[in-house]
Amino acid sequence: MSIPELKQFHSRRARLARAMGTAVAIIPTASEQLRNADTHFPYRWDSHFHYLTGFPEPDAVLVIVANARKAPRSLLFCRPKDAAQEVWDGFRVGPRAAPKHFGVDEAYPIDKLDDMMPKLLANCPAVYTFLGSNTLGSDPIKTGSDPKLMQWINAVREQKRAGVTAPTQINDVRALIDEMRLIKDASEIKMMKQAAAISVSAHKRAMRYTAANRYEFEIEAELLHEFRRNGATGPAYPSIVAGGANACVLHYVENSDRLKAGDLLLIDAGCEWQGYASDITRTYPVSGKFSAAQRALYDVVWAAQNAALNMIKPGAHFSAYHDAAVRVLARGLIDLKCCRGTVDAVVESGSYREFYMHRTGHWLGRDVHDVGDYTVAGQSRRLQPGMVVTVEPGLYIRPSSKAPKHLHNIGIRLEDDVVVTKTGHTMITSGAPRSADDIEAWMAGA
Ligand code: GLY
Ligand code: MN
Ligand code: MN
């Protein structure tokens, strides 16, 4: 790890310690997960743990001992070196090298956690941990889940007559880390831009490769090709490659059907780069030209996204861009005879929800649906520079609806990633053709 990176992780841990006062934080990473028999899913560390350490191995726990009057100490518990096992599973940093390479103050083998935690918790008033989280994984001995924490606290209580006090408060550390992660620093924005750039090239490649009679999974393979050849870990979430009516299934991930001439193809896919997600949706004609009906719906969604984007600036409520998109979608649904009444009535009654059933966006960061509260003191949160959001209006016309028949089975979503800046916002995914004209031009090879 470079010196600036070491400093950055150190300063994140120091900020967390300041927010804790006098307390101990116990932050485990994710466990390896079995896929079937003795085969594991590809390993992915816990986003919170990695945000504070950069440490990539499983079976690790970060402990921060914070004292309001002293500098905090960071202790990393990790897998011990094991030459025989490393032949099979690869390199382990080990506790001896971890302080130098990851900037923690001390490091110990993970099997020392049980011995050391009661000592670290002695005379400490409060604990911060992941309360009730099943992301603590399958091995509570290694990862320090809730029951383990109770054992450690009970072990401290047993020393009461020796004058030792046990923690009396247990807090969820996520409440503090979520707030930190919600505002991305310059290095994080840089990584998110890179994730976005790779995903943009993947969508452009997919558009050019799309043709009638190809299978959805063939297009998915083009996305994966572009992700991996650029060094991204892979998709940040399962790619949705949905031709025709499949686009009306919001979480369609089978990607198994054959594409038909005259249909649209909806692709919701983004890569993960250095632990940061991107999240882009494009919808375009399989044969390269929108029909009149497809274009009419597409232009409504496009206008809704533009209206939403106009609302994204510091100080605006998070909910404002959803509300702006909904009004444009409602207008379009009335004009296309899918909904009846005035815009106010359609918005008020929620009749648009038959065609638009999700929100217009979410925080984006290390997790595709990133951490951070959407409301503060009962009010929609105000946007601040450094927040990253998606803007993703859509319309989905299922055949069971009362919409005119020529619109049935059309599903459209348009999703971009946007950084809130001091003066407004920057879209970091605009390189993927967005308007109907730009899409047709790109697909024609222009
Ligand atoms: N791809 C997940 C989402 O758009 O929220
Ligand atoms: Mn999204
Ligand atoms: Mn998406």
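The values are calculated or read from the model by the stated rules, or taken from the named source; none is laboratory data. The structure presented is a predicted model; accordingly, all values stated were derived computationally and were not measured. Cβ atoms come from the backbone with ideal geometry, glycine included; neighbour counts cover every protein chain shown. In case anyone asks, the SASA skips ligands and DNA or RNA and just uses the protein heavy atoms, side chains included. Shrake-Rupley method; radii C 1.70, N 1.55, O 1.52, S 1.80 Å.
Quick look at the values:
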{"item": "Some residue of region 52-71 being in contact (Cβ under 8 Å) with a residue 40 or more places away in the chain, over 23 Å from residue 173 (Cα atoms) and open to solvent by 30 Å² or more (accessible area, probe 1.4 Å)", "result": "no"}
{"item": "Residue match in region 73-84 (condition: open to solvent by 50 Å² or more (accessible area, probe 1.4 Å) and closer than 27 Å to residue 125 by Cα)", "result": "yes"}
{"item": "Sole exception among (1) under 23 Å from the mean Cα position of the chain (by Cα); (2) open to solvent by less than 60 Å² (accessible area, probe 1.4 Å); (3) farther than 20 Å from residue 412 by Cα; (4) among the charged types (D, E, K, R) for residue 218, by number", "result": "(1)"}
{"item": "Residues of region 426-442 satisfying the condition of being in contact (Cβ under 8 Å) with a residue 40 or more places away in the chain, outside any loop (DSSP other than H, G, I, E, B) and within 21 Å of residue 295 (Cα to Cα)", "result": "436, 439, 440, 442"}
{"item": "Count of region 243-279 residues which are touching a helix residue (DSSP H, G or I) at 6+ places or on another chain (Cβ under 7 Å), farther than 26 Å from residue 229 by Cα and open to solvent by less than 50 Å² (accessible area, probe 1.4 Å)", "result": "2"}
{"item": "Residues that are in contact with a Phe, Trp or Tyr (Cβ under 7 Å, 6 or more places away or on another chain) and either among the basic types (Lys, Arg) or over 19 Å from residue 21 (Cβ atoms) (or both), drawn from region 110-130", "result": "110, 112, 113, 116, 117, 118"}
{"item": "Qualifying residues in region 373-403 (those that are open to solvent by 10 Å² or more (accessible area, probe 1.4 Å) and within 16 Å of ligand 1 (Cβ to nearest atom)) - the one nearest to residue 235 (Cα to Cα)", "result": "392"}
{"item": "Residue list for region 404-413, restricted to those being part of a loop (DSSP other than H, G, I, E, B) and either buried (at least 22 other Cβ atoms within 10 Å of the Cβ) or in contact with a helix residue (DSSP H, G or I) (Cβ under 6 Å, 6 or more places away or on another chain) (or both)", "result": "409"}
{"item": "Any helices (runs of 4 or more DSSP H) falling wholly within region 68-124 and containing at least 2 residues that are over 24 Å from residue 11 (Cα atoms)", "result": "83-89, 113-121"}
{"item": "Among (1) surrounded by fewer than 22 Cβ atoms within 10 Å (Cβ to Cβ); (2) among the charged types (D, E, K, R); (3) not in a helix (DSSP H, G or I) - the single one residue 282 does not satisfy", "result": "(1)"}
{"item": "For residue 360: the one exception among (1) of a type in the set (Ser, Thr, Tyr); (2) in contact with a Leu (Cβ under 8 Å, 6 or more places away or on another chain); (3) under 18 Å from residue 412 (Cβ atoms); (4) within 16 Å of ligand 3 (Cβ to nearest atom)", "result": "(2)"}
{"item": "Which listed residue is among the polar types (S, T, N, Q), closer than 19 Å to residue 183 by Cα, touching a residue at least 60 places away in the same chain (Cβ under 8 Å) and within 16 Å of ligand 3 (Cβ to nearest atom), from 423, 390", "result": "390"}
{"item": "Evaluation of residue 416 against (1) surrounded by 13 or more Cβ atoms within 10 Å (Cβ to Cβ); (2) part of a loop (DSSP other than H, G, I, E, B) (one fails), failing number", "result": "(2)"}
{"item": "Positions within region 307-360 being open to solvent by less than 10 Å² (accessible area, probe 1.4 Å) and within 16 Å of ligand 2 (Cβ to nearest atom), in sequence order", "result": "308, 312, 321, 325, 356, 360"}
{"item": "Residue that is surrounded by the most Cβ atoms within 10 Å (Cβ to Cβ), among those in region 1-34 that are charged (D, E, K, R) and at pLDDT 95 or above", "result": "13"}
{"item": "Condition check for residue 437: under 25 Å from residue 262 (Cα atoms), among the acidic types (Asp, Glu) and open to solvent by 10 Å² or more (accessible area, probe 1.4 Å)", "result": "yes"}
{"item": "Residue under evaluation residue 356, criteria (1) within 21 Å of residue 302 (Cα to Cα); (2) away from ligand 1 (no atom under 16 Å from the Cβ), criterion not met", "result": "(2)"}
{"item": "Only listed residue being over 28 Å from residue 274 (Cβ atoms) and at pLDDT below 95, chosen from 401, 380, 351", "result": "401"}
{"item": "Residue 304 outside any loop (DSSP other than H, G, I, E, B), in contact (Cβ under 8 Å) with a residue 40 or more places away in the chain, within 30 Å of residue 206 (Cα to Cα) and open to solvent by less than 50 Å² (accessible area, probe 1.4 Å)", "result": "yes"}
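To keep it simple, each residue is scored yes or no on (1) more than 14 Å from ligand 1 (Cβ to nearest atom); (2) part of a loop (DSSP other than H, G, I, E, B); (3) under 19 Å from residue 413 (Cα atoms); (4) in contact with a His (Cβ under 7 Å, 6 or more places away or on another chain).
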{"residue": "201", "(1), (2), (3), (4)": "yes, no, yes, no"}
{"residue": "225", "(1), (2), (3), (4)": "yes, no, no, no"}
{"residue": "251", "(1), (2), (3), (4)": "no, yes, yes, no"}
{"residue": "266", "(1), (2), (3), (4)": "no, no, yes, no"}
